[in-house]
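Presented below is the structure to which this report refers.
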Amino acid sequence: MKIKRFVVGMLETNAYIVYDEMSHEALVIDPGCELRKMTDFIDRNFLKLKGIVLTHCHYDHIGAVSGLKKKYEAPVYAHKKEVKGLADPQINHSAYSNGKPVSISVDLALSDGDTIAVEGFALQVIHTPGHTQGGICLKVVDQDIIFTGDTIFSDDIGRMDLEGGSEDSMKKSLLNKASKWPDSTVINPGHGDSSTMGDVRKRNAEYIYMVK
Ligand SMILES: [Zn+2]
Ligand SMILES: [Zn+2]
């Protein structure tokens with residue numbers, strides 16, 4: 001399994017393509033807003049896009065979803081509590097951004113513990129509300145690699161003051177889920193560089209009580 005990261009848009013959002021080199025099957029995690037970067041890579045590497053998985057609804061992560069879905073007929077996955085926000089430009093904030101308002105319909109609504117499997121690898125859904133109600137992290141099955149969206153960054157955690165955000169939920173997500181991830185776990189966040197949970201525990205001093 002390989003991971004390709006793209007940094008896209010004004011907010012320098014991380015968009016990921018996860019793929020298997022043998023089968024060429026791929027999943028996009030949070031395509032961001034630069035469709036061309038995604039399609040160029042997918043086409044150049046002869047990847048078969050099997051799904052577009054969204055960690056949460058915010059506009060900086062979703063601009064290229066419709067274009068990808070149309071071109072590759074890949075289904076859109078998101079947590080069931082994120083369906084409303086993805087459809088509503090006010091909630092996903094695209095209504096307030098410089099681009100066009102974005103409304104996305106989810107094809108497959110996810111719950112905590114669900115697995116999205118393609119030939120060669122699989123992602124497991126970890127529901128981590130706090131930044132949004134239906135925010136998820138995605139763990140690569142059988143590997144210590146987790147895509148954390150805007151829940152955990154290498155030196156911070158996601159803001160909790162937007163619609164659906166909740167400090168109480170964030171604390172629970174960190175205590176009940178993230179605190180169990182070993183130091184060696186690689187985290188690939190929605191913004192900024194990758195890190196390990198060991199480094200996150202050191203750097204996130206302010207929130208250490210949550211993630212220790
Ligand atoms: Zn966000
Ligand atoms: Zn973001």
Accessible area of the range 2-211 divided out per residue, in Å², using a probe of 1.4 angstrom: 45 Å²
Relative contact order (%) - the chain, alpha-carbon pairs under 8 angstrom, separation at least six: 15 percent
Spin-label model distance (nm) - L175 vs M22, 7 Å beyond Cα toward Cβ: 4.3 nm
Cα gyration tensor category, rounded, prolate or oblate, for the range 1-79 with a/c compared to 1.5: prolate
The range 54-212, accessible surface, carbon-and-sulfur percent (1.4 angstrom probe): 48 percent
Antiparallel %, DSSP beta bridges [both residues in the range 2-211], to 5: 65 percent
Fully extended contour minus Cα-Cα distance, from D40 to L11, at 0.36 nm per residue: 8.3 nm
Label-zone membership for the range 63-97, site S103, 7 angstrom Cα→C-beta point, backbone N under 11 Å: 87-90
The range 81-212: mean projected area of Cα convex hull, nm²: 8.5 nm²
20 Å Cα-Cα reach of K80 towards lysines, excluding residues that sit fewer than 8 places from it in its own chain: K50, K69, K139, K172, K177
For peptides 82-95, 170-183, sequence by mean Cβ density within 10 Å, most packed first: 82-95, 170-183
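The values are calculated or read from the model by the stated rules, or taken from the named source; none is laboratory data. Just so it is clear, the model here is predicted, and its values are computed rather than measured. Note: ideal-geometry Cβ built from the backbone for every residue, glycine included; neighbour counts use all protein chains shown. Accessible surface areas use protein heavy atoms only, side chains included; no ligands, DNA or RNA. Shrake-Rupley method; radii C 1.70, N 1.55, O 1.52, S 1.80 Å.
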